[in-house]
Amino acid sequence: MCGIIGILYKGRHVAKDLVRGLKLLEYRGYDSAGVATINRDELLIEKDKGRIDVLNSKLGFEDMPGRIGVAHTRWATHGAPDKINAHPHTDCDGKIAVVHNGIIDNFNEIKDELIRKGHIFKSLTDTEVIPHLIEEYIKNGYSYRDAVIEAVSRLEGAYALGIISLYDPNLMIGVKQLSPLVVGLSEDGVFIASDINSLSPFTKNVIVLDDGEMVFLRTDGYEIMRISNRQRVDKKPLTIEIGTQFADKEGYVHYMLKEIFEQPVVLNYSIRVQEHYLNLMAELLDRSKEIFIIGAGTSYHAALLGSMILSRIARLTAIPVIASEFVSQYGDVVNVESSVLAISQSGETIDVLKAIEFAKSRAATILGITNTLASTLTRVCRVYIHQQSLPEIGVAATKTFTGQLAVLYRLAMVAGKRRGKLSQREMDEMKVEIAKIPGVVEAVLRNVDPIVKKLAKKYSKTKYFIFLGRGLNYPIALEGRLKMLEITYIPSLAYPAGESKHGPISLVEEGVPVIFVAPPDETRRFIIGNMEEMKARGAKLITIGYSDDSELKELSDEYIPMPMVNTLFSPIPYVIPLQLFAYYTATVLGRDPDKPRNLAKSVTVL
Ligand code: G6P
């Protein structure tokens, strides 16, 4: 987590653009922020606890002079989110400023050593050891550049660093190990940042650094070096087109609401991902002896549904696993005949990357579905599919979840056809059905939005929610629960409806809201039984079901009417009311749905 950006311009001040880029990185953490620039032989630093916009007005980030600078938005790991622990961090003399994303595992040992040598530490962060260590090497006679190389060589853990210093005010240094870092190049100057999107207002020419590399940037050029052998690495910039058109709120109050309403448009992109790559992926899956499908958070819910769809449509067994559990649960059976399909919106979630690193070391085939071009995931996969949901800023995943599902449906269809489990006619029919889904989602958004808004007002004071679904819609119940608890902080449970008798029912008393995801598929008649059981104990039944299902309607206290949809694809439209329900409940309670407390969009610490 944490986002870093650095800019060195030929002829103008950097602070305004640093703040602009930093705001695009705010999804990575937002408990504190800071900016450092160098102006007339002076290192200027402003930082504090709080959101970028607020701090910008309070501290005047944008007015800081200087043609070189680094900036940081923080998700605290070591040390509370406060002014002292906010980045950038400096050495004793205040000549070196460092911003850092990641964790330095051996910081305690380095810190003890530096304290013994007389260094004074101001913060509780792991990061602060870096400027002090560089300073120590300089004291011992190293040039500034060599001191940075020596210092970085001692660090263990995960780190993307941006470093500027009065020792060489025309040099910006970037370092990458496990945490992401990209370099940008333009006519006006040079950049480093945690992702490509944050550079999109400034340049399309980027270089993605690999682990163990550092970059030395000046306005007239750059040099990339492998830290371990200090050899130069030749890398040419790529031109990457990233739409910035979806990067502002476009009149919506929050990114989350905008992104929910964007789904009809972006789903069309995800449904139409190139068949060529789906085919390649399907071929590799078909050849594998075991298939694992992994993800974290919302992406795990996509993995769970993906596993069901692969089974149903392609008759393939793919074991769904939470990424952080993968090695301990299944590590022993992973081998050259295994495939691991990783689902990650950001392509940078460390739990996913660690699982893949392990699987790769056992010679397994690595496949990926991601929303982020040039992310680490795309670079370690044998085949990856870019889901094309466009940038998602809200921390709670919405459009990228339905985009993941769309890609998984397409993959299962292609795999089913390859394996002879679907005839051409069946495949064509499914293609027609899935092509209708964006239109169905549009209708759902239009019809259910006012209904869900009212429900959110009515139920926002509840002590807890229970979400139940069966079959393909069990992952949708899980996703509805995750959305609700992460942005409203209302404790919520989700279970397969049939399992609710084995525990959750003990929580049911008069007035407890139980949300049923109940499309008119083969699970409906069992769901009705589960609804009766809950109702008999006083639950308030909130049901998402087909608009003309009078039996369900009658049984329910609240009914969210859905259009007719081919039930195989029902999870995509049926999650929409749950996204809206969480969103409106959060706003009724005065929570910020875009930036829920303690969370970050991209989790790059273990
Ligand atoms: C964090 C985010 C979630 C996301 C999860 C996995 O927890 O807050 O919204 O689902 O990470 O992220 P990924 O980028 O791997 O899909």
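The values are calculated or read from the model by the stated rules, or taken from the named source; none is laboratory data. Just so you know, these numbers come straight off a predicted model, no measurement behind them. With ideal geometry, Cβ positions are generated from the backbone for all residues, glycine too; neighbour counts draw on all protein chains shown. All accessible areas refer to the heavy atoms of the entire protein, side chains included, with ligands and DNA or RNA removed. Shrake-Rupley method; radii C 1.70, N 1.55, O 1.52, S 1.80 Å.
Scanning the stretch 109-131 for residues that are of a type in the set (D, E, K, R), under 17 Å from His78 (Cα atoms) and either open to solvent by 80 Å² or more (accessible area, probe 1.4 Å) or over 29 Å from the mean Cα position of the chain (by Cα) (or both) yields Glu109, Lys111, Asp112, Lys122.
Set side by side, the residues Tyr474, Tyr495 differ, and just one is assigned to a strand (DSSP E or B), open to solvent by 10 Å² or more (accessible area, probe 1.4 Å) and of a type outside the set (A, V, I, L, M, F, W, C), which is Tyr495. Tallying residues that are out of contact with any helix residue (DSSP H, G or I) (no Cβ under 6 Å at 6 or more places or on another chain) and closer than 23 Å to Pro563 by Cα within the stretch 498-515 yields 1. For Glu325, the requirement of being within 16 Å of the ligand (Cβ to nearest atom) and surrounded by fewer than 17 Cβ atoms within 10 Å (Cβ to Cβ) is met.
Sort through Ile196, Ile227 and tell me the only one that's among the aliphatic types (A, V, I, L, M), at pLDDT below 95 and under 29 Å from the mean Cα position of the chain (by Cα). None of the other options fit; the residue is Ile196. Here is the figure for the stretch 292-322: residues that are touching a residue at least 12 places away in the same chain (Cβ under 8 Å), open to solvent by 40 Å² or more (accessible area, probe 1.4 Å) and away from the ligand (no atom under 16 Å from the Cβ) total 5. Can you pull out every residue in the stretch 99-108 that is farther than 17 Å from Ser153 by Cβ and surrounded by 21 or more Cβ atoms within 10 Å (Cβ to Cβ)? The answer is Val99, Asn101, Ile103. Only a single criterion out of (1) at positive phi; (2) within 13 Å of the ligand (Cβ to nearest atom) is not satisfied by Gly251, namely (2). Taken over the stretch 331-359, the residue count meeting the criterion of being more than 16 Å from the ligand (Cβ to nearest atom), under 20 Å from Asp286 (Cβ atoms) and not small (Gly, Ala, Ser) is 5.
Quick grid of which residues meet (1) modelled with pLDDT under 95; (2) over 30 Å from Ala586 (Cβ atoms); (3) not acidic (Asp, Glu):
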| residue | (1), (2), (3) |
| --- | --- |
| Ile356 | no, yes, yes |
| Ala363 | no, yes, yes |
| Asn371 | yes, no, yes |
| Leu390 | yes, no, yes |
| Lys399 | no, no, yes |
| Ala415 | no, yes, yes |
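Scanning the stretch 455-471 for residues that are open to solvent by 10 Å² or more (accessible area, probe 1.4 Å), part of a loop (DSSP other than H, G, I, E, B) and more than 22 Å from Asn530 (Cα to Cα) yields a single hit, Lys461. Consider the stretch 360-388 and keep the residues that are crowded, with 24+ Cβ neighbours inside 10 Å and of a type in the set (Gly, Ala, Ser). The one that is nearest to the ligand (Cβ to nearest atom) is Ser375.
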